[in-house]
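*Asks:* One structure is given below, represented as structure tokens, and several questions about it will come after.
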């Protein structure tokens, strides 16, 4: 358990930051799920619009440090490949 005042403060700060990051990560997952549902339903127009929103949300998470840059890029790449594959 934290003994010093600075350690106690760090515990509080980490708890706040964890809550914020958890919400941001959840938001990203929601947008990614919308793209996946649109792909499954076969609606290409909806999938493209959902992809644009998901890409924006993923890159925002990257800039906030919630997701690593390469992870965000990988997820966007794989989603866009799946949306592109719908055309054929």
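Every number in this text was worked out from the coordinates using simple rules, so none of it is lab data. No experiment lies behind these values; they were computed from the predicted model shown.
*Asks:* Binning at 5 angstrom from zero up to the longest distance, how are the C-alpha pair distances of region 17-67 distributed in percent?
*Replies:* P(r) over region 17-67, rounded to whole percents: 5, 25, 26, 18, 13, 9, 4, 1.
*Asks:* Over the C-alpha atoms of region 46-88, what are the Rg and the largest Cα-to-Cα span, Dmax, in Å?
*Replies:* 10.9, 36
*Asks:* In the calculated pair distance distribution of the chain, what percentage of Cα-Cα distances lie above 18 Å? Each step should come with its number before you reach the end.
*Replies:* On the way: 1956 of 3828 pairs.
Above the 18 Å cut-off, the chain has 51 percent of its Cα pairs.
*Asks:* Now, a different point. Where does region 2-42 land on the Kirkwood hydrodynamic radius, alpha-carbon pairs, in angstrom?
*Replies:* 12.5 Å
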